[in-house]
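Take a look at the structure set out below.
The values are calculated or read from the model by the stated rules, or taken from the named source; none is laboratory data. Source: prediction; values computed, not measured. Every residue, glycine among them, receives a Cβ derived from its backbone with ideal geometry; neighbour counts consider all protein chains shown. Remember, those area values only see protein heavy atoms, side chains included, never the ligands or the DNA or RNA. Shrake-Rupley method; radii C 1.70, N 1.55, O 1.52, S 1.80 Å.
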Amino acid sequence: MELNGYRIMWLFVFFDLPTETAKDRKNASGFRKNILKDGFTMMQYSVYIRHCASSESADVHEKRIKRLLPPLGKVSVLRITDKQFGNIMNFWGRAEVPKEPPPTQLELF
Amino acid sequence: MIKKTLLFSNKCSLTTKHEQLVVKSQTRDTTIPIEDIGFIVIDNPEIYISITTLNLLIANNVSVIICNKTHLPNGMFLNLNSHHIQQEIFKHQVEASLPLKKQLWQQTIIEKIKNQGILLEKITQSKNKFDFLAGKVLSGDTSNMEAVAANFYWKSFFEINFKRERFGNYPNNFLNYGYAILRAATARALSGSGLLNTLGIHHKSKYNAFALADDIMEPFRPIIDEAVHTITQHYDEEDLNTEIKSILLQTLTRTVYFKDEKSPLMVALQKTASSLQQCYVGKRKKIKYPKLWN
């Protein structure tokens with residue numbers, strides 16, 4: 001087991017949750033809050049991502065998502081390698097936004 | 001699992017939101033999942049850390065290391081309740097027989113001397129007699145081969161006038177920093193396996209709260225020696241700056257080799273710790289130490 005771009009995983013969670021009734025909204029915000037607590041960060045509205053140091057760690061977080069699922073609505077979970085994630089292109093309007101530095105094993109503040 | 005290491009050497013605040021660590025510094029605001037963190041080094045007097053944060057860090061078995069004025073690690077926080085059957089494991093550890101402890105110490109010193117020998121061979125490019133010395137280690141190292149080896153080792157390691165001292169000059173400060181990090185990593189792994197750090201197998205100074213970590217880290221020390229040696233070859237700097245610290249901190253992910261698998265140092269330490277725990281329980285005879293070089 002070593003750290004490399006093919007072993008590091010990124011988990012994506014995409015969702016569309018109903019917000020018609022008060023109960024729906026409660027479920028939706030509850031789900032959102034729970035995945036934040038699991039270490040996901042918001043990339044866009046209803047798109048959340050998490051860095052996982054290994055695919056075993058990604059397994060764990062996938063399982064947790066399954067436990068947190070709200071009763072209604074669409075949720076998708078996608079797993080890609082750090083290499084693939086490195087090819088992402090981000091735009092703000094038409095201008096390309098530079099990528100955020102990826103989380104490394106050692107971080108200096 | 002590989003955990004993250006965070007080094008805080010600038011003014012910032014550490015708080016929590018949604019059970020994640022929130023880092024606010026002048027240049028950057030980020031959140032980091034606490035369960036992904038293994039080590040936090042706090043090296044600036046102007047760092048604010050909330051009690052909730054400390055609690056969450058400790059609950060996740062993060063080693064929080066605080067540095068003193070000279071930027072050397074001064075102390076660390078560790079979980080007191082890190083294993084579900086701690087009481088039972090502590091009992092085995094307390095009741096460990098003297099012969100068992102002596103055998104464990106013998107294994108540890110053999111590994112240490114072997115590793116020192118390999119490193120020395122790599123650096124000096126010539127054969128040495130460390131393997132012979134390792135073969136002569138007795139149970140409990142009663143003939144003190146550790147000191148014999150150390151004497152040769154330090155003499156030929158850096159320049160001739162180098163003296164390995166606790167508060168000595170450069171490069172002692174680099175070594176001390178590296179060892180402190182290694183010690184914290186070892187202590188974290190041991191407490192994660194439910195072992196009591198205070199109760200060593202050989203070290204038993206009444207002032208040492210991390211005696212077991214000091215015992216178990218012995219065979220791993222040459223990793224730090226190697227890193228410091230490389231630093232002294234490539235940098236003229238004699239003070240600990242952030243760059244040098246980060247090189248030393250990265251030794252935590254350096255690959256080491258078990259018989260049929262390889263793993264980063266911090267994962268290897270966990271394997272070593274759990275094998276030691278099994279030695280105490282009586283399920284194993286040998287501590288599982290990795291080879292530092294392949």
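Taking square-rooted eigenvalues a ≥ b ≥ c of the alpha carbon gyration tensor, is chain A rounded, prolate or oblate, where a/c under 1.5 means rounded and, failing that, a/b exceeding b/c means prolate? Oblate. Where the alpha-carbon atoms of the protein assembly as shown are placed on the principal axes, they occupy 79, 50, 40 Å, in descending order. Leaving ligands and nucleic acids aside, the A/B contact buries around 2400 square angstrom of accessible area in total at a 1.4 Å probe radius.
Of all segments of chain B bounded by GluC sites (Glu not before Pro) found in a DSSP loop with no more than 10 other C-beta atoms within 10 Å, the longest spans B:166-294.
Accessible surface comparison of A:Ile35, B:Ile58, B:Ile66, probe 1.4 Å, protein chains only, largest first: the order is B:Ile66, B:Ile58, A:Ile35.
Using only the Cα atoms of chain B, build the gyration tensor, take square roots of its eigenvalues as a ≥ b ≥ c, and label the shape rounded, prolate or oblate: rounded if a/c is under 1.5, else prolate if a/b is larger than b/c, else oblate. Cα axes put chain B in the oblate bin. Centre-to-centre, using Cα atoms only, the stretch A:53-88 and the stretch B:214-253 are separated by 36 Å. Note on the protein assembly as shown: with neighbouring protein chains present and a 1.4 Å probe, carbon and sulfur make up 52 percent of its accessible heavy-atom surface. The longest part of chain A holding none of the exposed loop trypsin sites (Lys or Arg not before Pro), meaning those outside H, G, I, E and B in DSSP with at most 12 other Cβ atoms within 10 Å, is A:1-93. Shown in residue order for the stretch B:222-236 are the 3J(HN,Hα) couplings computed by the Karplus curve 6.51 cos²θ - 1.76 cosθ + 1.60 at θ = phi - 60°: x, 4, 5, 4, 4, 4, 5, 4, 4, 4, 5, 6, 9, 10, 8 Hz (x for Gly and Pro). Neighbouring Cβ atoms from other chains, within 10 Å of the Cβ of residues in B:63-70, number 0 on average.
If you run the Gaussian network model on chain B, springs between alpha carbon atoms under 10 Å, then out of B:Lys69, B:Lys262, B:Lys245 the most flexible one is B:Lys69. Partner shielding of B:27-33 amounts to 4, given as the average count of beta-carbon atoms from other chains within 10 Å of each residue beta-carbon. Other protein chain C-beta atoms within 10 Å of residue C-beta, averaged over A:98-107: 5. Measuring gaps between exposed loop sites in chain B (chymotrypsin sites (Phe, Trp or Tyr not before Pro); DSSP loop; at most 11 other Cβ atoms within 10 Å), the longest gap, sites not included, is B:1-166. Charged neighbours of B:Leu248, selected by a Cβ distance under 12 Å, balance to -1 (K, R count +1; D, E count -1).
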